[in-house]
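Participant: My questions will all concern the structure given below.
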Amino acid sequence: MTNENVRMADIAKALGVSTVAVSKALRDQKGVSEALRARVKALAEEWGYRSPSQVRQLSGKAGYTIGALISARYLDSNESFYWRLYQEVNAQAMRKESFMLLETLSNEDARLHKLPKLIAEGRVDGLIVIGKPPGDYAAFLKKSWQKAMVFLDFYDPDAEVDSVISNSFYGAYQLTDYLIRHGHRLIGYVGTLLATDSITDRYFGYRKAILEYNIPMRREWLLDDRDLATGANTELPFPPEMPTAFVCNCDFIAGMLIRVLRKSGYRVPEDVSVTGFDNYLPPGMCDIGITTYSVNLREMAHSAVRMLLRRLDGDKSRPFMQIIDGQLFVRESVCTL
């Protein structure tokens with residue numbers, strides 16, 4: 001077995017322990033006994049084990065091996081928003097002569113606090129987590145793995161990690177302000193609060209706009225769109241009295257709302273106007289253009305890769321959040337009252 005072919009899993013199998021234990025032993029982390037740490041290091045030296053970063057340095061290559069972790073619930077199809085975001089991250093990494101490895105995270109693995117194989121087997125130098133994982137998994141990941149990591153399209157106050165997000169607050173504020181300036185005063189919001197950081201931030205942008213115009217907030221016009229525990233989309237129940245417009249937390253939900261409105265006999269935008277967010281809609285989902293706030297996927301991906309590479313090159317400054325602005329796109333789904 002050559003140096004390049006020796007994996008943490010091989011050492012773990014030979015010693016009858018987990019790859020997580022081997023990883024902790026080689027990185028001098030807590031959680032393993034000193035006796036096991038010595039056995040792991042002795043066998044690793046005997047077999048000539050090299051970490052991915054060591055292999056990269058010895059070969060003279062400039063790039064790193066970067067892991068991408070995405071919750072499985074975000075990848076229900078190859079046309080999902082997060083699949084597009086991953087493709088942009090991969091393209092940016094390639095431009096920096098770095099190699100990407102993708103792993104999906106199941107709800108069960110997140111609940112059990114199971115480390116991704118990319119980490120447990122020591123296959124990556126750094127990690128980009130795309131989209132908020134379920135529960136407290138993000139904080140667990142930071143506590144369990146001390147190497148470079150970036151959160152993309154979410155942030156976690158319990159884990160001091162670099163993060164890149166879109167300007168959800170201001171984007172939703174702009175959309176709501178646009179509706180108000182076009183005569184709407186009865187405006188609802190579609191999105192389950194606390195399901196994701198972006199949904200909640202967009203809600204507060206919506207609230208800021210209606211507060212500035214002294215428009216009353218009506219609880220029955222706040223519609224849940226997904227199950228808080230699983231993230232699965234749910235039916236969109238209409239209130240007894242309909243508003244004249246809805247701000248939706250994303251274009252996909254806006255497209256779903258337009259379908260349900262039409263089935264219920266409402267015309268869009270003549271009876272009810274609808275806005276989305278992110279400027280991404282699966283092909284064929286909606287036959288009218290949705291007024292939306294476009295998320296700059298390319299710049300978000302570029303920033304995430306740049307931040308991670310800076311950490312891998314030794315930057316020890318405090319973690320920070322980068323907010324990427326987008327752009328308002330006006331289309332046919334909104335009418336002037």
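Nothing in this text is a laboratory measurement; each read-out follows from the coordinates by a stated rule. Predicted model only: the values in this text are computed from it and were never measured. Using ideal geometry, Cβ is built from the backbone for each residue, glycine included, and neighbour counts are taken over all protein chains shown.
Participant: Let me have the 222 nm mean residue ellipticity of the chain computed from DSSP H runs of 4+ only, each contributing -39500 (n - 2.57), with the sum over all residues rounded to the nearest 500.
Facilitator: Working: 12 runs with 129 residues, N = 337.
Per the formula, -11500 deg cm²/dmol.
Participant: Percent antiparallel among DSSP beta bridges with both residues in the chain, to the nearest 5?
Facilitator: On the way: 4 of 38 bridges.
Here the antiparallel bridges make up roughly 10 percent for the chain.
Participant: In addition: If packing is taken as the mean number of other Cβ atoms within 10 Å per residue, what is the order of 214-220, 168-174, 279-285, 148-154, highest first?
Facilitator: Listed from highest to lowest mean packing, they are 148-154, 168-174, 279-285, 214-220.
Participant: Which one, Pro243, Ala195, Gln87, is farthest towards the positive end of the dipole of the chain when Lys and Arg carry +1 and Asp and Glu -1 on their Cβ?
Facilitator: Gln87
Participant: In the stretch 1-50, if every C-alpha pair distance is counted and binned at 10 Å from zero, what percent goes to each bin?
Facilitator: Using 10 Å bins, I get a P(r) of 29, 61, 10 for the stretch 1-50.
Participant: Could you calculate the FRET efficiency of Leu194 with Lys41 from 1/(1 + (r/R0)^6), where r is the beta carbon distance between them and R0 is 25 Å, rounded to 0.05?
Facilitator: Calculated transfer efficiency: 0.05.
Participant: If R0 is 41 Å, what FRET efficiency do you get for Arg318 and Val17 from their C-beta distance, rounded to 0.05?
Facilitator: It comes out at approximately 0.70.
Participant: Would you work out if the stretch 90-152 is rounded, prolate or oblate? Take a ≥ b ≥ c from the square roots of the eigenvalues of the alpha-carbon gyration tensor; rounded if a/c is under 1.5, else prolate when a/b is larger than b/c, oblate otherwise. Intermediate results must be reported in sequence, preceding the final value.
Facilitator: On the way: a/c = 1.93, a/b = 1.73, b/c = 1.11.
Judged from the Cα gyration tensor, the stretch 90-152 comes out prolate (a/c at least 1.5, a/b above b/c).
Participant: I'm spelling it out carefully: the read-out is percent of Cα pairs over 33 Å apart, the candidates are (1) 46; (2) 36; (3) 25, and one was derived from this structure. Which label?
Facilitator: After the calculation, the listed value that fits is (2).
Participant: If you take the square roots of the eigenvalues of the alpha-carbon gyration tensor of the stretch 168-295 and sort them as a ≥ b ≥ c, do you get rounded (a/c under 1.5), prolate (a/b over b/c) or oblate? Before the final figure, lay out the partial values.
Facilitator: Values: a/c = 1.24, a/b = 1.08, b/c = 1.15.
The shape class here is rounded.
Participant: Please tell me which of these pairs span more than 27 angstrom C-alpha to C-alpha: Lys24/Lys96; Lys147/Lys208; Lys41/Lys114; Lys41/Lys132; Lys96/Lys142; Lys143/Lys316? Don't skip to the answer; put the middle values down first.
Facilitator: Working: Lys24/Lys96 29 Å; Lys147/Lys208 38 Å; Lys41/Lys114 24 Å; Lys41/Lys132 35 Å; Lys96/Lys142 25 Å; Lys143/Lys316 17 Å.
Where the Cα-Cα span goes over 27 Å, the pairs concerned are Lys24/Lys96; Lys147/Lys208; Lys41/Lys132.
Participant: Using a simple spin-label model with points 7 Å from Cα along the Cα→Cβ vector, what separation in nm is obtained for Lys147 and Glu332?
Facilitator: 5.0
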